[in-house]
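Working notes, beginning with the structure itself.
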Amino acid sequence: MTRMRFSITGVMCVCFAMSLRVCSAASPKFSSLALSTMHVKYGIQQWGEPHALNGDNFVVAGQTFATGVATAASSRVTVRLYGGAHVLTGSAAIDDHAAANASAVFSIWSGKTRLWTSAIMHRGDVPVSFSLNVSRAHEVTLKADRHDGNAFNCRCDWLNTTFTYHGRPPFIVDHPANWRNQFVPGAVWRDTNGVPFHAHGGGLLYYHGTWYWVGEDKSQGYNNTVGVHEYSSRDLVHWNDEGVVLPAASLPEEFRSKGVCERPKIVYNRLSNVFLMWMHLDAHRYAVARAGIATATKPAGPYRYVTSMRPINNSTFRDMNLFVDTDGGGYVIYAAENNATLYIVRLDSTYGAPRVPEMEGTTWARIAAGGYHEAPVIWHYGPVYYLLASHTSGWYPNAASLFTASTPLGPWTYRGNPFIGADSELTFYTQSTCVIPAPGHPGWFVYMGDRWNPQDLGNSRYVWLPFHINKGSDSFSIAWRSHWSLGGLDKQLKP
Ligand code: DGJ
């Protein structure tokens, strides 16, 4: 069996400020590679995010934030092991960029058992090395505890820290122990098997106490070679893999291999007790632009392809979403007229077709004609209906647009870009895909966005951010959060 190496290199920071800007990686061997994958694209480094694959070396850097200089702040990264012979070697030091008075104690743990600890390290000390047999550990945690509580910046480096193993590679547990139940926007997010999600351009359905998340499986790249993947969760943080619920192979030939299946969404029809999935189906180069419809008798499928169509006047159908109003009325909203104009169309009672006879202004409406919007999302709160959409720039981010109305068919009024702060004009490098009410927190909502990686779509990320709406208001703002939890919403985050 091949022996492989899994390396942690770079920086664990205990920073006073909640800055998201990147700490420099410290290993001369891997730092330039790490920077090129992270910084070039987004300029944001998240805790435990893999940085680069370098042969058999899986290179990562971790970063934590602690507020308050006098706290006993520590930074940590936890790695899960899967048996096989694991040897852990490396060294640790205070980073050259740390404050002059920075000092810390490094330690390595298996659960509550300390396997190794350093002396108190100061900036400028030579790195201290370790070599440990961790073959009996399930998870190994690397910790750096700040020793001088007054050091403003105490960056701590794990240099060439490497697990040598057989078989299944170790992986970074993205949520350190003290971040359990936290959302970490943009970080690698894994299902309960430890596998990164594939639910891009996705949507959520809440049904009988469980959330269902469907989205594009791009593990094989851009084309629809896999299909629609689904996950389920009771708390929105931990997701079980429900598998591929609409396999690409079950769709007509033109919508797979060279075609695409984008932005699938599911709704439940109370009258028929059927779950419906709508999606944007397209051929090579987005040439046919049609709506696809599939149905299932259970929320987690399997879904069976029914048909494809263009709901209105044979106009193109691309980025889409579904909306079910409180009165049970179903709507599909999509980029029509070659993406120049959004259409919203009332569905019939089955949710499987437009309501007929079709009549503009009565059963369907044009929104922001000529405005070139994509990625539409509709929801409502109190008397106001909200529509969030991106502009059109392929897989690259742009500024979002908010519209409000008093009925789903409008008229819709433009309300500007609700994102605020640095990178808000790029929607924090995301594109909208879904908004849900935050469970148990009236007035709070969760924005779900895709952070596409245009060079490697399968390696795109998810950014979920909370925001608050004052009932009846025509505006709200969405700010960046490096991490957050549902439980903390009411206390800390209200803008
Ligand atoms: C942006 C859309 O929102 C995506 O769903 C996808 O269609 C890309 N454009 C393709 O460039």
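The values are calculated or read from the model by the stated rules, or taken from the named source; none is laboratory data. Source: prediction; values computed, not measured. For neighbour counting, all protein chains shown are included, and Cβ atoms are generated from backbone atoms with ideal geometry for every residue, glycine included. With ligands, DNA and RNA removed, areas are computed over all heavy atoms of the protein, side chains included. Shrake-Rupley method; radii C 1.70, N 1.55, O 1.52, S 1.80 Å.
Any idea how far apart Y222 and W395 come out in nm if each label point goes 7 Å out from Cα toward Cβ?
0.7
Enumerate the amide H contacts of Y207 below 5 Å, restricted to partners 5 or more residues apart or on another chain; note that Pro and chain-start residues carry no placed amide H.
It is Y212, by chain and number.
Chymotrypsin sites (Phe, Trp or Tyr not before Pro), restricted to the range 376-466: which are DSSP loop and have at most 15 other Cβ atoms within 10 Å?
Within the range 376-466, the qualifying chymotrypsin sites (Phe, Trp or Tyr not before Pro) (loop, at most 15 other Cβ atoms within 10 Å) are W395.
Which order do you get for K143, K218 if you rank them by accessible area with a 1.4 Å probe, largest at the top?
Heavy-atom accessible area, descending, gives K143, K218.
Which listed residue (M320, T350, V306) has the Cα farthest towards the positive end of the charge dipole for the range 300-401, taking +1 on Lys and Arg C-beta and -1 on Asp and Glu C-beta about the Cα centre?
V306
What is the range 182-492's relative contact order, in percent, from Cα pairs under 8 angstrom and six or more apart in sequence?
Numbers: 829 pairs, mean separation 41.6, N = 311.
Relative contact order, the range 182-492: 13 percent.
Would you calculate the separation in nanometres between label points at T350 and D474, each defined as 7 Å from the Cα along the Cα-to-beta-carbon direction?
Distance between label points: 4.0 nm.
Put +1 on the Cβ of each Lys and Arg and -1 on the Cβ of each Asp and Glu in the range 422-495; which of S473, T430, G443 then has its Cα farthest toward the positive end of the dipole?
Towards the positive end, the residue furthest out is G443.
How about the range 303-361: which GluC sites (Glu not before Pro) there are in a DSSP loop, with at most 16 other Cβ atoms within 10 Å of their Cβ?
Hits after loop and neighbour filter: E358.
Give me the number: length gained by fully extending R285 to N338, i.e. 0.36 nm times residue separation minus the C-alpha to C-alpha distance, one decimal in nm.
This chain segment gains 17.8 nm when fully extended.
Using a cut-off of under 18 Å, list every residue of the range 199-232 whose amide N is near the label point 7 Å from the Cα of T192 along the Cα-to-beta-carbon line.
199, 205-214, 230-232
Roughly to the nearest percent, how much of the accessible area of the range 336-495 is carbon and sulfur, given a 1.4 Å probe?
52
With r as the distance between the Cβ atoms of E360 and H138 and R0 = 51 Å, compute the FRET efficiency 1/(1 + (r/R0)^6) and round to 0.05.
0.25
Starting from 0.36 nm per residue, how many nanometres of slack lie between T297 and Y206 once their C-alpha separation is accounted for?
The T297-Y206 span can extend by a further 31.2 nm.
Separation of the range 292-312 and the range 383-401 by C-alpha centroid, Å?
Between the Cα centres of the range 292-312 and the range 383-401 lies a distance of 25 Å.
Extension gain K258-S272, at 0.36 nm per residue separation less the Cα-Cα distance, in nm?
Stretched out fully, the K258 to S272 stretch lengthens by 1.6 nm.
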